[in-house]
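Input: a single structure, listed below in structure tokens.
The values are calculated or read from the model by the stated rules, or taken from the named source; none is laboratory data. Predicted, not measured: the structure shown is a model, and the values here were computed from it. Note that we place each Cβ from the backbone using ideal geometry, even for glycine, and neighbour counts take in every protein chain shown.
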Amino acid sequence: MLDRKFSRRSFLLSSALATVGAVLAACAPKATPAPTAAPAGQPTAAPAAQPKPTPVPPTAVPAKKEPVTIRFHGRVGVQGDHFIERARAFEAEHPDIKIKEELIPGDEYHQKIEVLLAGGTVADTFWTVLLAGLYFRYANMGMTLALDDLIAADKYDLSVFFPTAIEATKFKGKMYGLPWICHPGRVGSFFNKTMYEQEGIPLPPEDGNWDIDDLVEQAKALTKDTNGDGKIDVFGFRPGTDTWSILIWLRSFGAEIFNEDGTKCVMDSDEGMAAFQFLYDLYHTHKVAPTPEQVVDMMFETGMVANMQSGYWGISARARVGDRFVMGAAPLPKGPAGVMGSMYEFDPICIYSKTKYPKEAFEWVKWLANQETGIRIAEVGSVPGARPDVWESPRLTKDPMHNVFKNIMYNVMPFRGPGNFRGNEVADAIVQGTAPLWLGKATVKEVVPEVTKAVQAVLDKPAD
């Protein structure tokens, strides 16, 4: 009887040896029989010629192909976590490509990218922004790859994106990135619904049918010294004072920061001066907004501000609010120009112009621009993808706050940036120059003309 412990491996080994023996036996020349003696007097017959054995070639074993590694730069935090999750999902469907994330802190990101580009050590793919002109800057420097040939060869369907997104990606007629996320700017009025209802104040309307006078009236009613110590404990409204938040107010007054080709700073127009005066009055005339000296962390989330200006990402405050109060959202009010200001913004994913793997890099860029990725980045607290099928997804439209921004996306005003792509320098000049306004240390007439000159000095510099 065979030993029951005789392993399968031993059996296979024995079988293999037997098979090899059989093959060798089959290939060996057959023994030649001894010649039969011829009858006496007859010649002996010569032995028959035997065929030569056919050699057996060794079995060819194909070499295993190593996956291509695509490096990628993004920001740490919510977006970085999203990129990591999406990279693992991508690799599961593309086993021949590996993604190596090299994430950078947000406040260091663009400076670091500039250094890496200058040294030729930037990743194969990277995230950047339209807002500050950096997307166009990198294309102008020849640092990003034009994708038109890859798009044509792949027969990639661009119609899935908002038309505005595709137009925004074009530089000198070519596309240097695919849209990842998009939004209509810092257009949101996020408010403490519980506080409004307790005070009997009408909620900011979700359809945007209100104006700046309504905002001021509500903000005054909500601003309170709750303990009688002579200091304001709850502010009615907190506007944004960064450059691109200010732009929203300028546009609602019929003004702009730049002229159409981005070569002139025009924010000291009569309309622009009126917009700055409106913001100044919120701080120092109506006293409904916290000055920089009064600002503390999480003022909205802790109930110290009843209403705040923010972009789509303001929705994420809901998680920090918790059960303190019910949060709502509406568009910011219309200004004297009869419109609510907005500006189309999008974040593209680009490919380094000197990558060794353009096709594989394009597969990764397409993945980040697909519908599922666009939905997921909104769900984790950032901004939706640049596609109508993302913004209209039932997973997002079930949230009324999402729908406030969705409705604006179909009527958003176009992007307008500096013609020499020096957006970060422009933003710094405006933020630093207008700081005395919010502190109450100077007037609009003193500050805005000087800031306009400082911005113009930046615009007069050549593009890199």
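Only one of the numbered conditions (1) in contact with a Ser or Thr (Cβ under 9 Å, 6 or more places away or on another chain); (2) modelled with pLDDT of 95 or more is violated by Ala92, and that is (1). Filtering segment 88-124 to residues that are part of a helix (DSSP H, G or I) and closer than 15 Å to Ile351 by Cα leaves Ile113, Glu114, Leu116, Leu117.
At least 1 residues being outside the structural domain of Gly142 (by TED's automatic domain parsing) is the threshold, and among the helices (runs of 4 or more DSSP H) wholly inside segment 274-393 those reaching it are 317-321. Is it true that Gly185 is within 23 Å of the chain's Cα centre (by Cα), buried (at least 21 other Cβ atoms within 10 Å of the Cβ), of a type outside the set (Ser, Thr, Tyr) and under 16 Å from Ala330 (Cβ atoms)? Taking the combined requirement at face value, the residue satisfies it. Residue pairs whose Cβ atoms lie under 8 Å apart, sitting 6 or more positions apart in sequence or on different chains, and linking a residue in segment 272-287 that is touching a residue at least 24 places away in the same chain (Cβ under 8 Å) to a partner that is of a type in the set (D, E, K, R), are Gly272/Glu256; Met273/Lys445; His286/Lys220. Residues that are of a type in the set (Gly, Ala, Ser), surrounded by 17 or more Cβ atoms within 10 Å (Cβ to Cβ) and either in a helix (DSSP H, G or I) or free of Cβ contacts under 8 Å to residues at least 24 places away in the same chain (or both): does segment 411-418 have at least one? Within segment 411-418, none of the residues are of a type in the set (Gly, Ala, Ser), surrounded by 17 or more Cβ atoms within 10 Å (Cβ to Cβ) and either in a helix (DSSP H, G or I) or free of Cβ contacts under 8 Å to residues at least 24 places away in the same chain (or both). Segment 125-197 holds strands (runs of 3 or more DSSP E) entirely within its bounds, and those carrying 1 or more residues that are of a type in the set (S, T, N, Q) and under 30 Å from Ile212 (Cα atoms) map to 188-192. Selection of first residues in segment 329-352 that are under 30 Å from His73 (Cα atoms) and without any contact (Cβ under 8 Å) to a residue 12 or more places away in the chain and of second residues that are assigned to a loop (DSSP other than H, G, I, E, B) and β-branched (Val, Ile, Thr), restricted to Cβ pairs under 7 Å at least 6 apart or on distinct chains, gives an empty result.
If you take the residues in segment 377-395 that are more than 20 Å from Pro163 (Cβ to Cβ) and surrounded by fewer than 19 Cβ atoms within 10 Å (Cβ to Cβ), which one is farthest from the chain's Cα centre (by Cα)? Across segment 377-395, the extreme among qualifying residues is Pro394.
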